Structures are given as C-alpha cells and as structure tokens.
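In what follows, a structure is listed as structure tokens, so that the remarks can point back to it.
The values are calculated or read from the model by the stated rules, or taken from the named source; none is laboratory data. Everything numeric in this text was worked out from a predicted model, so none of it was measured. With ideal geometry, Cβ positions are generated from the backbone for all residues, glycine too; neighbour counts draw on all protein chains shown. Surface areas here come from the heavy atoms of the whole protein model, side chains and all, with no ligands, DNA or RNA. Shrake-Rupley method; radii C 1.70, N 1.55, O 1.52, S 1.80 Å.
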Amino acid sequence: MWLYRALAAVGIPAALFLGLEAGLRAAGYGRAVGFLIPDEKPGYFRTNPEFVSWFLPSSFDLRPLNFRVSIRKPPNTIRVVVLGESAAQGIPVPAFGFAAQLRAQLRARYPDRAVEVINTGIVAINSHVVYQIAREMAEFSPDLYVVYMGNNEVVGPYGPGCAYLSEMPPLWVIRLSVFVRSTRTGQLATALAGRLVKGGHRPAEWGGMAMFVNNAVAGDDPRLEAVYRNFEANLRDIIRVAAGAGARTLLCTVASNVKDCAPFLSLHRPGLSQADLEAWGGAFNRGRIEWLLGKADPAQEDLLKAQRIDPQYADTAFMLGSLDLEAGDTEAARKQLAAAAHWDALRFRPDARINEIIRIAARASPEGVTLLDAAMIMGSDPASSVPPAGRGLFFEHVHFDWKGNYMLARSMAERSEEALFGAGRGASPWLDSSGCAAALAYTDHERLSVLEHIATIVENPPFTNQLTYCEDEARLARDLALARAGQTDPDKLARAREAVRAASARDPENADLPKIGEGVDDDSGDVAGALAQARRAEALQPSNFALATDEAIKLSRLGRFDEAESLLKRTAVSCPPRDLAAMAPAFADLFTRTRRFEEGRRYLDAEVSERPADEGLRMVRGRLARFAGDNAAAEREFRGILAENPGSQPALEALVNLLGQTGHPDAAQEASLSALDRQPRNLANDLRAAIIYDTRGDAAQSARCLIAAEESGPLTAAVELQLARKLFDLHRIDETLTHLAEARRLSAYEGDPAMTDSIAQAIERIWSQLH
C-alpha cells in the first residue's frame, strides 16, 4: 500500500505506472539496481557493479567488493553481514580489514562451524545506502548484522557536505527518489531528462576526499540537525529489518583519529570583527611558529589568547591539545582534541552526537541488539579513559592500521559471540595478533601494498591542508622506503610464500589468499606461479573484467599471446563502456609486446571515439605511439589532453619526459613553467620548476615553487633547509623559522642526528636574535 500512497503523492496513477513498468521490463529495458544480482553460478548471487550508481553519479565508478553468496545458507553456517562505509570495507586493503579479521576470529573460535562474513562496506556511502543494503541482505538468512557506520553522514549521499548534490531533501523524499530510480520507469525518465539538458558537460570522475574541500559544514551548522534525524531513523530501521529477518544486531560506535589527525578545515566564528581578527591573527601566527619550534610555554600562551578570541578555530584547539599531551595532561588534551574534531568544517569524521545516537538506539532497542562502544574503548570519545586514539590505530582520519583493525575485530568477535550464543562459548581460544596475521597471510611483504594505497589517499587535498602534512608525509615516505627495500628480499618472499601456502591450506575458500600469493610470485619473478594464483582467485569470485585483464597480462608476459588476446576479446564482448576503457591498457600491452602498433592504434582510436573525454584512454594511446616510435603523434596526444584539461598531471609529466628525451630541453622547461599555476599540487613539476628558476638566479620564484612542492607531497629535510635559506636571504624570517622547524622534524625521521642538531642550532641563533 505504501507504493500506491507514494505514487498518489506525486500525482502518478498507479495503474499507469505499473503498466509502463511491466512493459519496460518485458522489453528488457533498464538495469538491475540491487546490491546483489543473480550470479552465473546456479543458486548464488553476486555483488552488482552498478549498485552505487543508484545513489552516486555513475561516472564515479565506485563498486562493492566482488563476491558471491548462496541464496540458501548452508547447514551449520554462521552468516554475518557487515554494514558500513570505507572503514568497514577495509580501506586501504580489505583483505586485512576488521571484517576479514572478524571472520578469522570466528573460524578459529568455532572450528566445527562454517563462518561467512559478508562485507557490504562501500567507499563514500552513508546510512541512506546502508539501509537499502540491509533490507536486501535480509533475504539471505543472516544470523547477525554488524553495523559500523557514521563517518560519511555529512559528506555522503544527501548530506549537507555532499559534493555532488545541491540540497538535502527530507527522508521520505530521499527514500521515494531511491525507489523511483530503482524502477525501469524511473530509469527511462532519468535518461530522457538527461537528453533534454542543454550544453552537456564532462561527467565528473571520482576524486576522493578532494572533491569535498569546498563543502564546509561547521560544528554549529543548523543543517546538522537533519543529518542526526536521518541517521537515527535509518539506524532504527536497520535494527527493525534485522529483527524481521530473525537476525541479531551488533551496533558499533565509530572511532576516529583525534590525536594525530589535524583538522582538514578551520573556520572563524561568525561575526568576528576586523580588530578581533587582527588580534587573533597575531596571536595565532606566533603560537603556530612557536608550536612548530617546540617552544611549549610561549606557544600555549599565544594559542590560548587566540582561542579566547575565536574558540571555534579548529587548528588552535588541535595544537593546544598536542601541547597538553606533551605536558602529560591527558584530560585537558582530550577536551581540546575533541573540540578540534568538532569544529573541523570538513566532516570526514563522526562527531560525538553520531555516536550518542548509536548508544541511545542500542539502549532503546529490544532484546537482540548488542552495543560495542568502539569510540570509547579505542580512545576517540571525549569521555574515554584510555589514551586518545591516534597513529598506531589509524593511518589517517578513520582508516585502521593493522593494530586498529585487530583491536576492533577482536572486540567485535567477542560481542558477536555474546549476541549469537549468549552464555555459550566456543571451545577454542581467540587468535592473538600474530595468529590473525597468519590466518590472513599478512606479512612484512604485504605492508608495502597497504602503505602505497594510503599514499594515494593522503597525497591530495584535504590532507595537504593539514598543519602536520609535511611531517605526516615524511613519516609515510620513510615507512614506504623501508617496505620497498624489503619487497624483493629472498627471505621475506620465502616467508610470505609459506604464509600464503599455510593460510590457503587452512582456508581454501578465501579468495584474498591467492591474490596475495599472486603478488608474492610476481615479486619473485615467478610469472607462471602468479598466473596460477590469479586463476585460483578467479575461481573463487564472480567473473569480471579486472580478473580477466589481470590474467591476460600475465599470459602476455609469458608469451602466450593468442590465449591473452582470446581472453581479452571474450571478456570485452560483455563489458559496459567504462570497463572496456579500463581494459585498454591490457590491449595496449598485448599490441606492444607483439609489435602490432598500427592495430593497437586503430583499436584505441575506436575506444576514444566512444569515450572522447576519457583521459586514461588517450594517455594509453599516447604511450602506444611512443613505443611505436611515433614521437610526434605522442606529443600531439599529450598536448591535446593538456589543452582540454590543463590540470592533467599525467599528461604534463609524459610531455616533459618526451621533450627531454627527444632533445628539446627548452620546450620541456616551457611546458613545465607554464603549468605551474594550473597544477599547483604537482610535486614533480614544482621541484623541477624550482631548479629551473635556480639556474636563472630567481630566488623568489624558486622559493615559491619549493613552497608549492611542500604542499604537494613529501620533501626531504635537505630541500626544506634549502627553502629556509632562500627565505632567510629574502628577509622572510617567520617563514624561515617555520621551514627550519619542518626541516628539523624531517631530519629526525630520516635518521640524521647531525643535521638535526645543526638545524636546531640555526633555529636557536635566529630565535635569540628575535627575542
């Protein structure tokens, strides 16, 4: 009946709608929008690659994890459904996230039971989407829902900080619109409306958190009340859905990094007068420099003065909290760090109100709901009694490192046991951290892929705007260097291979394990072994273009070109356009290895004609032209991309590299300098331009480029020191001290005590002259 009432509310006769819907379905129009769709394996369903486009622009190409689940739960099976966002999915590497660890813990505890942990977490979604997934999973006989969500309520679909929707409608409108778009009639109407839009524009691609930097939502924004109401309604409805399915629910508060994650965006309180702003600026700037220099007492005095003028500026509270921690005053620090998170205007972390709603929902629910207060036990709640949550548990703001995932998964496992079995307990012990690592084949070798994924996240805004960005990047660069140094170590590779073998023998249905083994074999130079592992992974997952492409590239590397080509062509037949574009590098690799350059060009020309705005396709075509020795065509391609999108870093780097290698250094310099203002976050170009200006004797421009480089990625202490010297020569003393402080911190991470001492002496000389 609710359907008829909804249709009547928007003036659509129910009979007309149902008739049109039936006709469109009979004609095969439209696409399935459910989270799960029938799999080619009888009796199974698989995740729908198109599901997220039901809520977010399809051009974002965000997808659930690729897995299948049987419609009928096998006997003697515990089926757990994990609901949430990117932290629940397990970013940076889901194979080692808390859902994977939860499964390992329950399997160890109950070796006589089959354990399924169905990880439905997806990047960028929020409770509006999670509710829809929960409804659908109710049809698959779950025993337990584990709900870990709350990070994206402001920035996710229909939130006030959302980057791709201009308004936040009431909840009933949101749900009605979701339903309408799930129908073939709604899809037809959407398609027709799209054709009527004049002056079409290039679809936005997923740009990660950088997409949201202009969508500030302050801690006192009145729109947050609607966010809280919607979250509470969605949460209660998820609990209701679980109960209706005969499942129990484990509600988790959401933890975040408060200690080591500086605010993404600080805003002034409304109504700050010009006089107050000037007074605040003087105190804040002095305090910030003193904080960087480690001058705790004057820093605290100046920052407290700034905070009295403007108590809403998040960076001030963060620095004061860090000073309190250094002084050993944990409770004062906790209050300041909580204030910093509350007033952070880019709301990628849950606030205290979200977690309180979760607690209230758990208390108000009937039997069958259990609470895991993760925010409290991990130290991110203002009322926690443990040290404030920071690095060691988290990589950045909300995504867990191994230790954080282990701590959360172990607590989840214990609460899950309580929810599922009450006083009953498994006969076997829980896994310790090393036992869990063994179950998932997590070794030193896998650390590199984890860190590399994190690096792709934090090298972009809003992380580049954080107070601690230089230091955070230096620490990550050090960790990456250590991980890369051991990536091809024979002993580490042998241990990793044995870990995969042992874990696979214990858990042959885990599709992540052969993927890990594939990486180990690749790094060992065993392409045949990597191919075998890739095929084992394929057998355990629904087929898709990514798996086929991976296999084809390995076949090409082994010289089995006919097999590779046949596989790619078979896969391409059923691929949508976006997946065909993603397969283009594999086709280009095949054509390059077989030196069929002209055929490769024709193939890419056809693909580009279908997707002319796809830069990735055009970059592949340019690189193929280079391999073919047609440098002029490659240059035209790269310049063409830059003409349409001056911010394309891959095109600029390819062009500069091409010009430099073909004997045109002046043209390479011109291309580099002309891109400076258009690519302010291009670290390689910033450093290159600084060298160019140095050779021309232009210290001011060189300093400008080095400052831009510092905001773009990790620098060494030597580069920071060089920048400080340039600024000193330009009589910019405050900036000199700032960069000397950064240089000192970086040199400590680089393990150069002599440089650290030398920089410290320089700081003291300048400081004593000023004071």
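Within region 589-600, the set of residues being assigned to a helix (DSSP H, G or I) and either of a type outside the set (Gly, Ala, Ser) or under 26 Å from the mean Cα position of the chain (by Cα) (or both) comprises Asp589, Leu590, Phe591, Thr592, Arg593, Phe597, Glu598, Glu599.
Looking across region 726-759, the residues that are part of a helix (DSSP H, G or I), charged (D, E, K, R) and within 21 Å of Arg288 (Cβ to Cβ) come down to Lys726, Asp734, Glu735, Glu742, Arg744, Arg745.
Of the residues Ala718, Ala684, Ala743, Ala671, which single one is small (Gly, Ala, Ser), within 20 Å of Tyr469 (Cβ to Cβ) and buried (at least 19 other Cβ atoms within 10 Å of the Cβ)?
On the way: Ala718 fails: buried (at least 19 other Cβ atoms within 10 Å of the Cβ); Ala684 fails: buried (at least 19 other Cβ atoms within 10 Å of the Cβ); Ala671 fails: within 20 Å of Tyr469 (Cβ to Cβ).
Selected residue: Ala743, the only one of Ala718, Ala684, Ala743, Ala671 that is small (Gly, Ala, Ser), within 20 Å of Tyr469 (Cβ to Cβ) and buried (at least 19 other Cβ atoms within 10 Å of the Cβ).
Looking at Gly713, is it over 23 Å from Glu290 (Cα atoms) and either part of a helix (DSSP H, G or I) or under 30 Å from the mean Cα position of the chain (by Cα) (or both)? Against the criterion (over 23 Å from Glu290 (Cα atoms) and either part of a helix (DSSP H, G or I) or under 30 Å from the mean Cα position of the chain (by Cα) (or both)), Gly713 qualifies. Taking the listed residues Ala279, Ala332, the one that is part of a helix (DSSP H, G or I), farther than 27 Å from Asp401 by Cα, of a type in the set (Gly, Ala, Ser) and open to solvent by 20 Å² or more (accessible area, probe 1.4 Å) is Ala279, with no other qualifying. Of all the listed residues (Val180, Val147), the sole one being without any contact (Cβ under 8 Å) to a residue 12 or more places away in the chain, of a type outside the set (D, E, K, R) and over 12 Å from His128 (Cα atoms) is Val180. Within region 370-394, the residues that satisfy the criterion of being within 19 Å of Gly328 (Cβ to Cβ) and either free of Cβ contacts under 8 Å to residues at least 40 places away in the same chain or in a loop (DSSP other than H, G, I, E, B) (or both) are Gly379, Pro382, Ser384, Ser385, Val386, Pro387, Pro388, Ala389, Gly390, Gly392. Considering (1) among the acidic types (Asp, Glu); (2) open to solvent by less than 40 Å² (accessible area, probe 1.4 Å); (3) assigned to a helix (DSSP H, G or I), the lone condition that Glu153 does not fulfil carries the number (3).
Inside region 491-588, counting only helices (runs of 4 or more DSSP H) that do not spill past its ends, which hold 3 or more residues that are of a type in the set (A, V, I, L, M, F, W, C), buried (at least 17 other Cβ atoms within 10 Å of the Cβ) and without any contact (Cβ under 8 Å) to a residue 60 or more places away in the chain?
Details: elements: 512-524, 527-539, 545-557, 561-573.
Those helices (runs of 4 or more DSSP H) span 527-539, 545-557, 561-573.
Condition test on Ser70, is it within 30 Å of Phe212 (Cβ to Cβ) and polar (S, T, N, Q)? The answer is no for Ser70. Is one or more of the residues making up region 66-87 among the acidic types (Asp, Glu) and surrounded by fewer than 18 Cβ atoms within 10 Å (Cβ to Cβ)? Checking region 66-87: not a single residue is among the acidic types (Asp, Glu) and surrounded by fewer than 18 Cβ atoms within 10 Å (Cβ to Cβ).
Within region 612-665, which helices (runs of 4 or more DSSP H) (wholly inside it) include 3 or more residues that are open to solvent by less than 70 Å² (accessible area, probe 1.4 Å), touching a Ser or Thr at 6+ places or on another chain (Cβ under 7 Å) and touching a residue at least 12 places away in the same chain (Cβ under 8 Å)? Reasoning before the result, please.
Values: elements: 615-627, 631-644, 649-661.
So the answer is 631-644.
Of the residues making up region 15-64, those that are at pLDDT below 80, buried (at least 16 other Cβ atoms within 10 Å of the Cβ) and not aliphatic (A, V, I, L, M) are Phe17, Glu21, Gly30. Can you find a residue in region 701-710 that is over 28 Å from the mean Cα position of the chain (by Cα), in a helix (DSSP H, G or I) and surrounded by fewer than 19 Cβ atoms within 10 Å (Cβ to Cβ)? Yes - at least one qualifying residue is present in region 701-710.
So which of Tyr110, Tyr148, Tyr158, Tyr131 is open to solvent by less than 30 Å² (accessible area, probe 1.4 Å) and in contact with a His (Cβ under 6 Å, 6 or more places away or on another chain)?
Values: Tyr110 fails: in contact with a His (Cβ under 6 Å, 6 or more places away or on another chain); Tyr148 fails: in contact with a His (Cβ under 6 Å, 6 or more places away or on another chain); Tyr131 fails: in contact with a His (Cβ under 6 Å, 6 or more places away or on another chain).
Of the residues listed, the single one that is open to solvent by less than 30 Å² (accessible area, probe 1.4 Å) and in contact with a His (Cβ under 6 Å, 6 or more places away or on another chain) is Tyr158.
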